[in-house]
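Encoded as structure tokens, the structure appears first; notes follow it.
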Amino acid sequence: MGSRRDRRRLVTGSADNTTSAPHIVGPPSLVELAAATLRRMIVGGDLLCGQRIVENRLTGQLGISRPPLREALRVLE
């Protein structure tokens, strides 16, 4: 296991903790995961430019409800 200084670097981005408060990065939110998946679908050609988006189909594919899907789409606008 690394030293305390190394672990601090992972959390804050630096070994010196005097310049900024540490921030712990938690797991990505459902919206962030959905946006990343939608982005991959667009880049991969699974969703085409101008293609109509059917929410029910995408919620089934992604395993999420409509509100996080809609927010993920807003993130990508």
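Every number here is computed from the coordinates shown, using simple stated rules; none is lab data. Computed from a predicted structure; not experimentally measured. When we count neighbours, we look across all protein chains shown, and the Cβ atoms used for this are built from the backbone with ideal geometry, even at glycine.
Observations on the structure shown:
- Sorted peptide list for 40-51, 60-71, criterion being average Cβ within 10 angstrom, highest first: 60-71, 40-51
- Between S29 and V43, the modelled label-to-label distance comes to 2.2 nm, taking each label 7 Å out from Cα in the direction of the beta carbon.
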